[in-house]
Amino acid sequence: MKRISKKQAQRNREIARIKQSLPPVCAICGKPAVDAAHLVPKSLYPEHYTNPLNIVGLCRECHNKFDGSLAFRQRQKHLIERVKSFDKCAANRHFDL
């Protein structure tokens, strides 16, 4: 069994707590949410990995579109504004504003 650091275990607990507090519907289309999605990717913005404002519930279809299509991301004005509320630079770069 792979061991994780205390720091990673703490982050995992924070993410689990955030996931439990998410609404049960997709933040984009209103269908049942099945995924917790980072609005700005954790690989590029690790400082927002456990930021509750950076995590939303999405259905699988919207999550795939959000991750794979800049044009789709750019149409999600309410999510862009949410990211701007905690990191304007990240919003400008990730949504190519």
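Among the residues of the stretch 10-41, those identified as part of a loop (DSSP other than H, G, I, E, B), out of contact with any His (no Cβ under 6 Å at 6 or more places or on another chain) and buried (at least 17 other Cβ atoms within 10 Å of the Cβ) are 22, 26, 27, 28, 33, 39. A search for C-beta distances below 6 Å between a residue of the stretch 68-79 that is surrounded by 12 or more Cβ atoms within 10 Å (Cβ to Cβ) and any residue that is modelled with pLDDT of 95 or more and assigned to a helix (DSSP H, G or I), counting only pairs 6+ apart in sequence or on different chains, returns 72/65; 73/66.
Look at the stretch 80-92: where a residue is free of Cβ contacts under 8 Å to residues at least 24 places away in the same chain and a partner is of a type in the set (A, V, I, L, M), sitting 6+ places away or on another chain with Cβ atoms under 7 Å, you get 80/91; 84/91. The residues of the stretch 42-64 that are under 19 Å from residue 20 (Cβ atoms) and either exposed (fewer than 13 other Cβ atoms within 10 Å of the Cβ) or of a type in the set (Phe, Trp, Tyr) (or both) amount to a single one, 49.
Let's see how each residue does on (1) in a loop (DSSP other than H, G, I, E, B); (2) modelled with pLDDT of 95 or more; (3) of a type in the set (S, T, N, Q):
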position	(1), (2), (3)
8	no, no, yes
71	no, yes, no
80	no, yes, no
97	yes, no, no
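The values are calculated or read from the model by the stated rules, or taken from the named source; none is laboratory data. What you see is a predicted model; the values in this text were computed from it and never measured. All Cβ positions, glycine included, derive from the backbone under ideal geometry; neighbour counts span all protein chains shown.
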